[in-house]
Amino acid sequence: MSQRVLLIVRKLNIGGIQRNTVNLANVLHREGHEVRVLVLKGELELVPDAGVHLHQVDFDKAFRKTGIGLFYDLFTRLLLAPWIKGSGYVWRGYYGGHYLRRFIARLEKEHGPIDRVITRGQGAFETFWSWRDPRLWQVAVSWPGDLKEGWRQRFLLSRLYSGKQVVCNTDNVRQQLESLLDHHGIKAARLATIGNVCDLDAIAAMAE
């Protein structure tokens with residue numbers, strides 16, 4: 001059955017996460033699904049096939065332009081981020097989740113309900129970690145650091161993974177991530193392993 005799928009990636013520059021996002025978008029589109037790709041930052045160095053809908057929205061810039069957002073950004077950068085090292089994304093992700101919710105609501109009003117939301121890479125889910133929805137799956141291609149004691153790592157990891165549905169691209173990544181989360185008593189809603197998509201049609205075309 002055809003679905004409407006939204007893929008989210010931080011950037012579409014040349015890189016493994018970006019190439020796999022484009023591959024997934026192209027393969028899903030060829031299988032008859034309506035696919036949209038939301039790019040959160042930067043220029044487009046990679047683009048999906050014609051027929052895949054591309055959106056570029058920088059939530060951070062949009063929020064800073066409100067005036068209140070600029071004050072909030074300065075406050076968190078100068079006071080909160082230095083207080084909890086590495087927490088910059090936590091404060092940005094609070095409003096990022098609100099912006100993503102609004103973006104999806106506009107899409108659904110114009111084009112119908114979104115059935116699945118897939119985001120690739122930690123940089124992307126840092127941007128809107130506060131958005132929680134049963135349609136959302138986060139694709140992890142690495143585990144975020146080594147085992148450390150302390151509340152700071154637990155605080156940071158819980159924002160990204162607590163109660164979330166996570167797909168890992170290898171069993172090793174899943175096992176390492178599970179170990180890290182268990183160490184801090186953090187429970188993901190679901191953890192699964194699905195390998196990266198290979199665009200066999202594109203590979204065959206290049207071989208010709």
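The values are calculated or read from the model by the stated rules, or taken from the named source; none is laboratory data. These numbers were taken from a predicted model, which means no experiment stands behind them. Cβ atoms come from the backbone with ideal geometry, glycine included; neighbour counts cover every protein chain shown. Note: accessible area is taken over every heavy atom of the protein model, side chains too, but ligands, DNA and RNA are not part of it. Shrake-Rupley method; radii C 1.70, N 1.55, O 1.52, S 1.80 Å.
Worth a mention:
- LYS61 being open to solvent by 40 Å² or more (accessible area, probe 1.4 Å), touching a helix residue (DSSP H, G or I) at 6+ places or on another chain (Cβ under 7 Å) and modelled with pLDDT under 95: no
- The numbered conditions (1) in a helix (DSSP H, G or I); (2) under 22 Å from GLU110 (Cβ atoms) are all true for THR21 except (2).
- Residue that is nearest to PHE63 (Cα to Cα), among those in the stretch 1-21 that are more than 14 Å from the chain's Cα centre (by Cα) and without any contact (Cβ under 8 Å) to a residue 40 or more places away in the chain: ASN13
- Being part of a helix (DSSP H, G or I), among the hydroxyl-bearing types (Ser, Thr, Tyr) and more than 15 Å from the chain's Cα centre (by Cα) is a property that does not hold for TYR89.
- Number of the condition not met by GLU149 [criteria: (1) loosely packed, with under 14 Cβ neighbours inside 10 Å; (2) modelled with pLDDT of 90 or more]: (2)
- Meets criteria (buried (at least 16 other Cβ atoms within 10 Å of the Cβ) and touching a Phe, Trp or Tyr at 6+ places or on another chain (Cβ under 7 Å)) for GLY69: yes
- Here ARG174, ARG152, ARG159 are screened, and the one residue that is touching a residue at least 12 places away in the same chain (Cβ under 8 Å), more than 19 Å from the chain's Cα centre (by Cα) and not in a strand (DSSP E or B) is ARG152.
Per-residue answers, yes or no, for (1) farther than 18 Å from VAL117 by Cβ; (2) surrounded by 16 or more Cβ atoms within 10 Å (Cβ to Cβ):
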| residue | (1), (2) |
| --- | --- |
| VAL9 | no, yes |
| GLY16 | yes, no |
| LEU24 | no, yes |
| GLU31 | no, no |
| GLU43 | yes, no |
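- Unique residue being within 18 Å of SER130 (Cβ to Cβ) and among the aromatic types (Phe, Trp, Tyr) when the list is PHE71, PHE63: PHE63
- Scanning the stretch 160-189 for residues that are under 22 Å from TRP131 (Cβ atoms), open to solvent by 50 Å² or more (accessible area, probe 1.4 Å) and modelled with pLDDT under 95 yields a total of 0.
- Residues satisfying the stated conditions in the stretch 119-148, i.e. under 11 Å from the mean Cα position of the chain (by Cα), β-branched (Val, Ile, Thr) and closer than 20 Å to LEU181 by Cβ: THR119, VAL139
- Residue within the stretch 192-203 that is touching a residue at least 24 places away in the same chain (Cβ under 8 Å), hydrophobic (A, V, I, L, M, F, W, C), outside any helix (DSSP H, G or I) and crowded, with 18+ Cβ neighbours inside 10 Å present: no
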